[in-house]
Amino acid sequence: MRILLTNDDGIYAKGLQTLLEHIKPLGDVFVVAPERERSASGHGITVHKPLRANEVRPMQYAVSGTPADCVKLALEALLPEKPDLIISGINLGANLGTDVLYSGTVSAAIEGIMAGIPALAVSLVSYDENSDFSTAASITTDLCRALAHRQFPRETLLNVNVPQGSLEDIKGVRVTTLGIRRYKNSVEERKDPRGKSYYWLGGQVENIASREDSDLVAVSDNYVSITPVHFDLTNYRILEQIRNWNLDTLLK
């Protein structure tokens with residue numbers, strides 16, 4: 001099996017390097033990841049300046065761009081052959097609910113499925129930089145083995161969130177839907193030494209009441225959450241409603 005690893009925390013991030021050590025026995029593993037942290041970069045790509053890729057270790061490339069850039073470069077320039085699987089992660093911090101729209105981790109996996117390659121986005125539900133990624137890495141490796149014997153859904157990635165703790169602490173695995181997250185007090189205004197305003201984006205997470213089968217509920221109950229995600233954002237349920245607006249009359 002040929003596997004491409006990437007992330008948005010940077011090539012030297014503990015989560016990626018821990019996962020690398022766990023999945024090496026599965027086949028040829030290449031790493032193409034940002035040279036520095038690019039969290040919350042979404043699906044941005046670099047088009048107004050050149051990208052550089054430095055081979056920092058054998059089969060490991062540090063790229064000057066975004067997570068999506070990394071996958072593009074890997075597939076079109078750096079890897080000798082197309083990989084069988086792309087894994088983005090292990091991210092430090094959850095990628096749950098509507099946060100997947102901001103996530104560089106998830107966007108790298110989306111870039112993979114856009115190219116027709118099965119992909120996983122894997123995150124650890126912890127923000128402690130001293131977190132132990134070994135449980136999440138072990139679960140991801142076992143998931144890769146299981147997927148080798150199953151037909152991977154087309155144009156779909158699996159977004160995996162693993163609670164912090166040992167294998168004995170985790171209650172099981174749930175296949176989930178995306179919940180809804182919002183942020184309170186998301187903009188903080190401060191003053192620089194010259195008295196001019198600048199702003200920090202962040203805020204406190206507010207989980208909106210979600211379905212019982214959502215990823216938010218699963219991880220709060222200490223289950224691994226696996227959510228199938230695809231890039232078709234069309235709301236098919238309301239297509240007929242919008243068509244019935246007869247908007248073609250705007251052109252008359």
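The values are calculated or read from the model by the stated rules, or taken from the named source; none is laboratory data. All values reported here derive from a predicted model rather than from experimental measurement. Quick reminder, even Gly has a Cβ in these numbers, built from the backbone with ideal geometry, and neighbours come from all protein chains shown.
Among the residues of the range 102-124, the one identified as more than 19 Å from Gly44 (Cα to Cα), surrounded by fewer than 24 Cβ atoms within 10 Å (Cβ to Cβ) and of a type in the set (A, V, I, L, M) is Ile117. For the range 194-227, a tally of residues being assigned to a strand (DSSP E or B), out of contact with any Phe, Trp or Tyr (no Cβ under 9 Å at 6 or more places or on another chain) and either closer than 20 Å to Val122 by Cβ or without any contact (Cβ under 8 Å) to a residue 40 or more places away in the chain (or both) returns 9. Scanning the range 76-99 for residues that are under 26 Å from Val175 (Cβ atoms), under 15 Å from the mean Cα position of the chain (by Cα) and surrounded by fewer than 17 Cβ atoms within 10 Å (Cβ to Cβ) turns up at least one hit. Within the range 140-153, residues that are under 14 Å from Thr227 (Cα atoms) reach no partner that is among the charged types (D, E, K, R) and crowded, with 16+ Cβ neighbours inside 10 Å with beta carbons closer than 6 Å at six or more positions or on different chains. If only residues of the range 169-193 that are under 17 Å from the mean Cα position of the chain (by Cα) and either touching a residue at least 60 places away in the same chain (Cβ under 8 Å) or in a strand (DSSP E or B) (or both) are counted, the one that is surrounded by the most Cβ atoms within 10 Å (Cβ to Cβ) is Gly179. Within the range 1-29, residues that are free of Cβ contacts under 8 Å to residues at least 60 places away in the same chain and assigned to a loop (DSSP other than H, G, I, E, B) have Cβ atoms under 8 Å from residues that are buried (at least 20 other Cβ atoms within 10 Å of the Cβ) and of a type outside the set (A, V, I, L, M) in these pairs: Gly10/Pro34; Gly10/Arg38; Ile11/Pro34; Ile11/Tyr61, counting only partners at least 6 apart in sequence or on another chain.
Just name the residue that is surrounded by the most Cβ atoms within 10 Å (Cβ to Cβ) out of those in the range 11-30 that are within 15 Å of Val122 (Cα to Cα) and in contact with a helix residue (DSSP H, G or I) (Cβ under 8 Å, 6 or more places away or on another chain). The selected residue is Leu19. Close contacts from the range 120-137, counting a first residue that is part of a strand (DSSP E or B) and a second that is of a type in the set (Phe, Trp, Tyr) and modelled with pLDDT of 95 or more, with Cβ to Cβ under 8 Å and a gap of 6+ residues or different chains, come to Leu124/Phe133.
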